[in-house]
Structure formats: C-alpha cells, structure tokens
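A.B. asks: Below you will find the structure I want to go over with you.
The numbers here are math on the coordinates, done by the rules we state, and not lab data. Just so we're clear, the structure is a prediction, and the values are computed from it rather than from any experiment. Every residue, glycine among them, receives a Cβ derived from its backbone with ideal geometry; neighbour counts consider all protein chains shown.
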Amino acid sequence: MTENQVKILQGNTFVVSDERGDIEASRTDPTGLFSFDTRFLSKWVLTVNGERLTPLSVDDLHYFEARFFLVPGTGTVYVDAKLSVIRQRSVGNGFHEELTVLNHNDQPVELVVRMEADCDFADLFEVKDALKKKGSYSKQLNDGKLMLAYERETFSRSTAISSSQPCVLDEHGLTFEIKLGPHGTWKTGLDVVTGVLGTSDGGDEGPTLAWQARRPRTNMTRNLAQWLDEAPRLECDWEPLRTTYRRSLVDLAALRFSPISAGRHSLPAAGLPWFMTMFGRDSIFTSLQALPFNQELAATTLRELGLRQGTRIDDFRDEDPGRILHEMRYGEMTAFEERPHSPYYGCADATPLYVVLLDEYERWTGDTKLVRELEFEARAALNWIDEYANLQGNGYVAYQRRNEETGLENQCWKDSWDSISYHDGTLPGFPRATCELQGYAYDAKMRGARLARLVWRDSAFADTLEQQAADLKRRFNRDFWVEDGEYFAITLDADGRRVDSLTSNNGHLLWSGIIDKSKAKAVVRQLMGERLFSGWGVRTLAVGEGRYNPIGYHVGTIWPFDNSFIAWGLRRYGFKEEAARVAAGILEAAEFFDGRLPEAFGGYPRSMTKYPVQYPTACSPQAWSTGAPLLLLSTMLGLEPLGDHLLVDPALPSTIGHLEVLDIPGRWGRVDAFARGRVDTSPPNRRGQAR
Amino acid sequence: MEPADGILQFFQELGRREHEPLLAKVTGSVRFDLVEGGRTDRWLVAVHKGGIVVSHQGGTADCVIRTDRVLFERLCRGEENAMAAVLRGALVCSGDVELLFAIQRIFPGPARERRPLSSVGGS
C-alpha cells in the first residue's frame with residue numbers, strides 16, 4: 001500500500017495520497033495533508049458523474065509537485081477513454097490543485113464533477129497511536145469557501161477550501177456541473193489553505209506567529225535549480241556514483257526545513273515525511289556530512305538549536321541548562337503537554353556534537369563571527385557535559401530519562417529498547433554511559449579548546465578543557481577496554497561494569513579521536529573483521545553477540561550514516577584503505593536503491609545475498625542516509641581544511657576510476673579535487689582479479 | 001493591582017536584575033499584554049545586551065506577547081511552559097519571533113518533585 005503512495009512536500013507541509021491523487025484516511029492511516037504535525041485534510045476524493053477514477057500514470061515532477069493522469073471508471077480491464085482528467089498538485093501553504101477535464105469525443109458532454117472533503121485534524125502522534133480527539137469540529141460555508149475547523153480551548157486549526165471556478169459548496173465538498181464541447185477542456189484551480197493559530201495578520205503590532213507560519217508557494221522550481229547549481233560538480237567514470245550524488249543533493253533539498261525563527265534559512269530535518277522537523281542529533285550529523293558541499297545548513301542548525309537550548313531543569317521535557325534539544329513538534333498533544341516535544345531534550349549526544357559541529361564549521365568556513373555569536377551556547381553545552389550528564393558520578397556522560405511516561409529510554413542514536421546489551425544478550429540497567437558519548441565529549445572538549453584559544457581568547461578555559469579531555473581519554477581507554485576481545489565496551493552499566501558486546505560504536509570512537517594510538521589497530525581489525533564487516537558495511541552489532549539479528553533494527557543491520565562516520569574515523573587514524581573499503585561497500589549498495597540509501601539494510605554477508613536487503617522503514621529519504629554519500633566522498637578524497645587551504649589526499653576504490661569534485665566551497669573560495677581509484681576493495685580472496 | 005500580586009513581583013524582580021546572562025545577546029523590546037476581563041495590563045521589557053529595563057506601561061515594541069493574567073501568573077511560577085502555551089494559542093505572539101524564544105528564558109522551570117539524578121551517583 002505504501003508502495004503506491006504519492007508524497008509531495010515543502011518543509012513540514014506534505015501531502016500523502018494514493019495514485020489517483022485521492023485521500024481517504026482512517027484514524028490510524030497516515031495519508032492526508034499535514035502541516036505543523038497536524039492533519040488538515042483526511043478526505044479528498046474526486047468523482048466524475050459519481051464514479052471514482054482510475055490512474056493511468058503519475059508524474060513526480062519535483063518533490064513539491066506531482067501530476068496525476070486519470071480516466072473515469074474503476075474497471076481495470078478495459079478503459080473507454082472518452083474523457084480524461086489531470087490533477088496537478090503543488091504544496092505551499094496547504095496545497096494548490098489544478099484540475100483539468102478533457103473531452104476526447106466529438107460530441108458535447110455534461111458532467112458532474114465532485115470533490116469530497118473532510119478533516120479529522122489528527123495530531124501526528126494520534127495517527128501513530130490511534131488516540132481519540134478531545135475538542136470539537138465545525139464546518140462553515142462562507143465567502144465562497146468551505147471552512148473546516150477544530151477547536152479545543154484556545155487551540156484552533158482550520159482548513160479553507162475554495163475554487164477558482166463557480167461551484168456548489170456543501171459541508172462535504174464541492175460540486176461542479178459542467179458542459180464540455182466536442183474536444184473541449186475545462187479547468188479549475190482548487191486551493192486548500194491551512195490555518196494555524198488563527199489567521200489574523202497582526203495589524204499594527206507586526207505579523208503574528210500564525211502569519212509567519214504560512215509558507216507561500218513561490219519559485220520552488222527556481223529554488224531547486226539554484227540549490228543544485230550552487231553545489232559542487234561531480235565528474236566520475238563510475239555512473240552509479242553520479243546518480244547517487246545527484247539523488248543526495250535533490251533529497252537534501254527536499255529535506256530542508258525552515259523553522260519560523262529562521263527566516264529564509266533552512267536546516268536539515270530528519271526524514272521525509274514523518275520527521276520533517278528539527279532533531280538535534282539528525283540535524284547535526286547531516287550538517288556535518290554535508291559541510292564540504294553546503295555550509296548554510298550547518299550555520300542554520302547551530303543558530304536554531306542554540307536559540308532553543310535548554311535553560312532550566314524540567315523533568316517532563318528532560319531539559320537541563322545547556323542541553324541541546326532532541327525533537328521539536330507543533331501538534332495538539334504537544335500543545336496540551338500530553339507529549340513533551342515543545343521541545344523535548346532527551347538525547348545525550350546532541351549537546352557535545354553541537355560543539356563538534358561549531359568547530360568543524362569554522363574549520364571549513366573561517367566564519368569566526370558565528371563562533372563568537374554562539375560562545376555562550378557552546379560554553380553552556382560544554383558545561384552540561386560535566387554538570388548535568390555525569391549521572392553515574394564517575395565523570396562519564398550518561399543518560400536516564402526523568403520523564404518515565406513519554407520520555408525516551410535510550411538517548412543515544414541506537415535508541416531502540418534492545419540496542420544496548422551484554423555479550424550474552426541481557427540488558428543493562430540505567431543510567432547508561434554508552435561509549436560513543438565519551439568520544440563525542442572528548443572531541444567537544446578538544447574542539448572547544450581550539451575555539452576558546454582562536455576566537456574567544458580565553459586560553460585558561462582552553463587549558464582546562466584540554467586537561468579534562470586528556471584525563472577523560474586516559475580513563476576511558478582503561479575503563480571501557482574489553483581486554484580479551486581488544487575493543488571498547490558498548491557502555492558502562494549503572495555499577496560501572498563494562499557491557500561487553502562488540503558494536504559499530506567503535507568506529508565513532510575512532511572518529512572522535514578518543515582511542516589511544518596503541519589500541520587503534522586492534523579496533524580497526526574488529527571493525528573490518530568478519531563479525532562486523534559484511535562486505536557492504538559495518539554491522540551495528542557483531543555476529544556472535546547474543547542479540548545479533550541481521551534484520552534487527554540496531555542489533556545487526558547496517559546503517560549507511562553509521563558507516564560514513566566510521567569511514568571518517570578510519571581516515572582520522574590513518575587507515576585510508578579500510579576507509580575506502582567501507583565507502584566502496586556503502587556506495588555499491590546505493591546502486592541497488594537507485595542512489596537513495598535507506599536508513600538501514602540487512603547485515604547478511606554480502607557473499608550470501610548478493611544484494612543489500614532493505615530494512616522496512618516509514619521514512620525515505622532519511623537525512624543522515626542522504627548525507628552518507630557526501631561524507632563518504634569527502635572521506636575518500638581525504639578532504640581536510642588546513643588553515644586557509646583545503647588538503648586533498650585521496651584513497652579511492654579502484655572501481656570508481658576517475659573522480660573529480662569541482663568548486664568545493666570554503667574559506668579558500670572554491671577549489672577542485674581530483675582522484676584516481678587505486679585501492680583494491682574486492683574481498684581478500686578475490687584480490688588481484690581485475691574487474 | 002493588589003500588593004501580593006505575583007505578576008508585579010515577577011516584573012519587579014526582573015527589573016532588579018542588572019544583567020541577565022540568558023539574554024546577553026539580546027537587544028529589543030517585548031511588551032506583555034495581560035488580559036483580564038475587558039482590561040489589559042501592559043508591561044514593557046526593554047533588553048539591551050542582557051541589561052533589562054522594565055516599565056509598567058504600553059508603547060511600541062519589537063515583539064508583543066498577549067495572554068490572560070491567570071496563565072501569565074502560572075508562567076511566573078513555573079507552572080506553565082511558554083512554548084507549549086504558544087502552540088495552544090493561549091499565548092499569542094506578534095512581531096519578532098526570535099525575541100519570543102529569547103524572552104521565554106526568564107520564566108522559571110517547574111518545581112522539582114525529586115532530587116536531580118546527578119546527586120544520586122556513587123564513587
């Protein structure tokens with residue numbers, strides 16, 4: 001069923017319909033027009049002379065626009081196409097639909113065209129959990145519009161439906177009685193306008209929030225063309241990489257989300273369509289991945305997350321001073337505090353990663369102005385690490401939710417219930433101090449020290465941070481090291497014991513630089529060994545662990561995003577060829593998905609399945625999967641800012657052949673990177689056999 | 001206004017802060033329009049890089065926040081969350097939205113029901 005859904009969107013406004021363009025949502029069925037996490041249309045069904053239509057084809061013109069070609073009747077065996085209907089729909093502040101009816105006969109026809117409309121104003125959370133509404137509905141016909149509305153105390157949401165051509169309105173829809181001459185055409189424009197928080201424009205006091213929340217549909221085609229035009233150009237012998245690169249850029253454009261406070265700027269939302277909102281972790285990781293290709297996403301992410309940084313202790317929202325948010329939502333349940341997402345802060349990695357992104361952003365752009373502007377936020381984030389995250393009292397970053405009803409249990413990126421386990425499969429208690437959090441904290445302190453010296457002119461603070469980082473590194477390499485396996489434990493449990501399963505998190509540790517040089521080789525051996533590396537990529541959990549399952553969400557599948565950071569980590573410690581092998585595996589997998597990497601795919605050995613088995617998820621594209629090829633590209637090219645220069649030190653799989661990335665933006669202006677594939681990434685037993 | 005008014009106390013206390021670090025980067029004016037029955041009580045908060053001047057009066061402002069007195073009293077006591085109230089339409093904002101995000105930091109957090117977890121840990 002989801003296979004045949006058509007999805008178009010702009011920011012957090014999106015339409016999910018069937019192939020006819022119709023919407024017939026049940027309470028739990030995720031179709032409709034959605035905006036600000038609320039459904040604004042749950043029924044939108046077109047009939048001609050009382051008959052439903054049959055789709056001939058759908059054109060996905062752009063991510064924000066689709067065109068449906070239809071004929072009357074539902075008989076699928078034989079279609080008598082004396083009439084055809086075209087619906088062209090584009091998303092803006094609601095959506096606009098151009099409805100065209102064509103008469104192919106040489107006789108005139110009289111038709112009754114009817115659009116049924118209704119709305120349940122469900123919160124996205126209600127659609128997920130099938131909850132009941134507490135407010136009241138109303139329907140009004142005025143001013144040539146059908147107004148559907150929902151109210152609960154001061155909370156109001158409305159949908160206004162109107163037509164450019166005369167029609168008869170009733171509470172259930174619009175009716176057109178039309179006459180078409182021989183080979184005649186009839187057209188109307190239908191507007192569905194969403195209303196959030198009332199519709200007043202504010203008058204003298206400046207525009208209201210409701211007014212500013214409107215997202216007019218302007219120049220979307222030009223906007224996309226400009227986005228593609230500004231991105232670096234990629235030339236390559238290996239065609240699938242060109243496809244993947246192009247796909248990533250277009251998907252990243254679609255994933256742009258502009259919070260009300262950001263004006264024209266946008267940041268990457270987490271996933272399309274259900275996660276089209278700000279997520280601390282996803283927005284930061286994606287911004288990091290995209291830095292060599294686009295730097296505005298990072299700047300907006302830093303500003304907007306900074307604006308919403310935690311300032312108080314609030315158990316319901318798991319908020320602390322300095323903490324960076326996990327997720328922001330705008331729907332009814334959030335508004336009435338039945339869900340904590342206004343915003344919700346329960347995530348332990350976004351805060352240190354915020355400082356990591358700020359530093360990496362400066363290295364690429366030289367934008368010390370923003371670093372100065374965000375000094376307070378960065379210091380508060382660094383302070384959170386020591387002041388509020390030390391839940392085990394041992395100096396490690398740990399998490400345990402204080403909102404036990406609707407808060408998140410696992411506040412690291414592997415956030416499913418069974419993602420963190422001992423070798424024998426048992427689950428540790430809370431608080432948990434997962435290893436990658438220590439890596440991020442170490443990196444945040446080192447990078448914070450650099451910024452303190454360079455921009456904030458506070459060398460005493462820089463010294464302190466460096467001392468703390470060195471101390472953390474020393475303790476970490478002692479406390480987390482699983483001696484007999486020669487890798488780092490996934491976490492310390494509540495008693496400070498090592499939780500000893502072998503996981504992909506070891507790769508993130510390389511990325512953050514917390515691993516002692518003397519231990520790096522052993523860690524890399526594990527990452528590239530058969531238990532973790534499938535041939536396509538590094539599994540989340542190693543074969544042989546109690547909970548290993550090649551199609552388990554965080555316990556055996558392969559995540560492209562995870563692998564892109566693992567590859568970066570391998571490069572950081574000088575393991576160029578291993579990084580190229582990971583990159584080759586993931587990019588070759590992308591070919592099977594037409595360039596759009598899924599969130600995760602199965603951890604089966606490559607030699608067994610021959611193709612990557614997709615893990616079913618509701619959202620595609622996912623932002624950090626979209627960003628993965630971008631980070632893999634910069635990793636393979638060995639792109640590294642050094643002062644006002646960009647170093648290029650390629651280690652490219654031989655399968656890619658020749659690669660050029662032109663006009664890479666940064667503090668150097670624009671520069672080009674060239675590489676030739678020389679790394680043999682074929683499995684060890686097939687080395688030397690030329691492709 | 002009665003002397004024991006929580007709102008009056010809140011604004012008086014706010015005015016006594018010489019410098020509010022949470023607003024250190026903020027410059028702009030916010031007017032709170034507090035509605036009760038047919039009356040509107042207006043407070044103007046002018047912020048200049050963290051320095052705060054409060055006056056019990058109207059006047060033009062970069063950002064206007066309108067709500068009823070009962071809700072505002074609850075905000076002053078940390079019993080309401082300003083951003084949730086905005087989503088609910090109980091707190092209506094016009095003008096500069098960034099100022100709304102910034103100024104809501106002056107409201108206290110909710111009273112704690114238990115000790116913070118960080119004081120529980122061992123060794």
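A.B. asks: Check which residues have an amide H placed less than 5 Å from residue A:64's amide H, if you skip close sequence neighbours.
C.D. replies: Under 5 Å from the amide H of residue A:64: A:9.
A.B. asks: Treating only the Cα positions of the range B:6-106 as identical point scatterers, give the base-10 log of I(q)/I(0) from the Debye formula at each q in 0.12, 0.13, 0.20, 0.22 Å⁻¹.
C.D. replies: -0.34, -0.40, -1.03, -1.28
A.B. asks: Another one. Run down the lysines and flag those whose C-alpha is under 27 Å from the C-alpha of residue A:187, throwing out any fewer than 8 positions away in its chain.
C.D. replies: A:7, A:43, A:82, A:139, A:145, A:179
A.B. asks: Measure of size requested: the Rg and Dmax of chain A, with Cα atoms as the atom set and Å as the unit; please supply both.
C.D. replies: 26.7, 88
A.B. asks: So if I average 1/r over every pair of distinct C-alpha atoms in the range A:498-653 and take the inverse, what Kirkwood radius in Å does that give? Walk me through the numbers on the way to the answer.
C.D. replies: On the way: mean 1/r = 0.0645 Å⁻¹.
Hydrodynamic radius (Kirkwood, Cα pairs) of the range A:498-653 is 15.5 Å.
A.B. asks: Continuing with this model, one more query. Please list, by residue number, every one of the trypsin sites (Lys or Arg not before Pro) in the range A:564-649 that is coil in DSSP and has at most 16 other beta-carbon atoms within 10 Å.
C.D. replies: For trypsin sites (Lys or Arg not before Pro) across the range A:564-649 that sit outside H, G, I, E and B with at most 16 neighbouring Cβ atoms in 10 Å, the list reads A:610.
A.B. asks: What angle do you read, to the nearest 10 degrees and between 0 and 90, between the alpha-carbon axis of helix A:560-572 and the longest principal axis of chain A?
C.D. replies: The helix A:560-572 is inclined about 30 degrees to chain A.
A.B. asks: Kindly provide the GluC sites (Glu not before Pro) of the range A:123-179 that DSSP labels as loop, not H, G, I, E or B, and whose Cβ sees at most 16 other Cβ atoms within 10 Å.
C.D. replies: Answer by residue number: A:153, A:171.
A.B. asks: What is the sum of charges, Lys and Arg at +1 and Asp and Glu at -1, for the other residues whose Cβ falls under 12 Å from the Cβ of residue A:678?
C.D. replies: Details: positive: A:576, A:676; negative: A:577, A:680.
With Lys, Arg at +1 and Asp, Glu at -1, the neighbours total 0.
A.B. asks: Report the calculated FRET efficiency for residue A:172 and residue A:376 (r = Cβ-Cβ distance, R0 = 45 Å), to the nearest 0.05.
C.D. replies: 0.25
A.B. asks: Is the shape of the range A:2-212 rounded, prolate or oblate, going by the alpha carbon gyration tensor and its root eigenvalues a ≥ b ≥ c, with a/c under 1.5 for rounded and a/b larger than b/c for prolate?
C.D. replies: prolate
A.B. asks: Could you pull out the pairs from A:134/B:49; A:414/A:517; A:473/A:576 whose alpha carbons sit more than 32 Å apart here?
C.D. replies: On the way: A:134/B:49 43 Å; A:414/A:517 26 Å; A:473/A:576 24 Å.
Checking Cα-Cα distances, A:134/B:49 exceed 32 Å.
A.B. asks: Once label points are set 7 Å from the Cα along Cα→Cβ at both residue A:106 and residue A:229, what is their separation, rounded to one decimal in nm?
C.D. replies: 4.8 nm
A.B. asks: Exposure proxy check: A:619, B:76, B:93 ranked by fewest other beta carbons within 10 Å?
C.D. replies: Fewest-to-most Cβ neighbours within 10 Å comes out as A:619, B:76, B:93.
A.B. asks: Show the residues, 5+ positions off or on another chain, whose built amide H is closer than 5 Å to the amide H of residue A:658.
C.D. replies: Answer set, sorted by chain and number: A:237, A:238, A:677.
A.B. asks: How much FRET efficiency would the formula 1/(1 + (r/R0)^6) give for residue A:475 and residue A:222, where r is the Cβ-Cβ distance and R0 is 45 Å, rounded to 0.05? List each step's numbers first, then the result.
C.D. replies: Values: r = 54 Å, r/R0 = 1.20.
So the FRET efficiency works out to roughly 0.25.
A.B. asks: Amide H to amide H, which residues 5 or more places from residue A:401 or on other chains are under 5 Å from it, using H placed in the peptide plane?
C.D. replies: Under 5 Å from the amide H of residue A:401: no residue qualifies.
A.B. asks: Turning to a different aspect of this structure: With each label point set 7 Å from Cα along the Cα-Cβ vector, what nm distance links residue B:112 and residue A:458?
C.D. replies: 2.4 nm
A.B. asks: Which value in nm describes the separation of the simple spin-label points at residue A:427 and residue A:663, placed 7 Å from the Cα toward the beta carbon?
C.D. replies: 5.0 nm
A.B. asks: Find me the longest stretch of chain B that has none of the exposed GluC sites (Glu not before Pro), where exposed means in a DSSP loop (not H, G, I, E or B) with at most 14 other Cβ atoms within 10 Å.
C.D. replies: B:19-78
A.B. asks: Please give the length that would be gained between residue A:26 and residue A:179 if that part of the chain were fully extended, namely 0.36 nm times their separation in residues minus their C-alpha to C-alpha distance (nm, one decimal).
C.D. replies: So the chain would gain 51.6 nm between residue A:26 and residue A:179.
A.B. asks: Need one word for the range A:458-512: rounded, prolate or oblate. Basis is the Cα gyration tensor (sqrt eigenvalues a ≥ b ≥ c); a/c below 1.5 gives rounded, then a/b vs b/c decides. Walk me through the numbers before you get to the answer.
C.D. replies: Numbers: a/c = 2.84, a/b = 2.04, b/c = 1.39.
It comes out prolate by the Cα gyration axes.
A.B. asks: Still on this structure, please answer the following. Where in the range B:5-83 are there trypsin sites (Lys or Arg not before Pro) that are in a DSSP coil and have at most 12 other Cβ atoms within 10 angstrom of their Cβ?
C.D. replies: Numbers: sites: B:16, B:17, B:25, B:31, B:39, B:42, B:49, B:66, B:69, B:74, B:77; in loops: B:17, B:25, B:49, B:77.
Within the range B:5-83, the qualifying trypsin sites (Lys or Arg not before Pro) (loop, at most 12 other Cβ atoms within 10 Å) are B:49.
A.B. asks: So what's the gap between the Cα centers of the range A:244-298 and the range A:146-174, to the nearest angstrom?
C.D. replies: With the range A:244-298 and the range A:146-174 each reduced to a Cα centre, they are spaced 33 Å.
A.B. asks: Calculate the mean, over all residues of peptide B:105-112, of how many other protein chain Cβ atoms lie within 10 angstrom of the residue's Cβ.
C.D. replies: 4
A.B. asks: Around residue A:177, with a cut-off of 13 angstrom between Cβ atoms, what is the net charge of the other residues, counting Lys and Arg +1 and Asp and Glu -1?
C.D. replies: +1
A.B. asks: To continue, here is another question. What percent of all Cα-Cα pairs in the range A:443-557 falls into each 10 Å bin, going from 0 up to the bin containing the maximum distance?
C.D. replies: So the P(r) values, bin by bin, are 14, 37, 28, 16, 5, 0.
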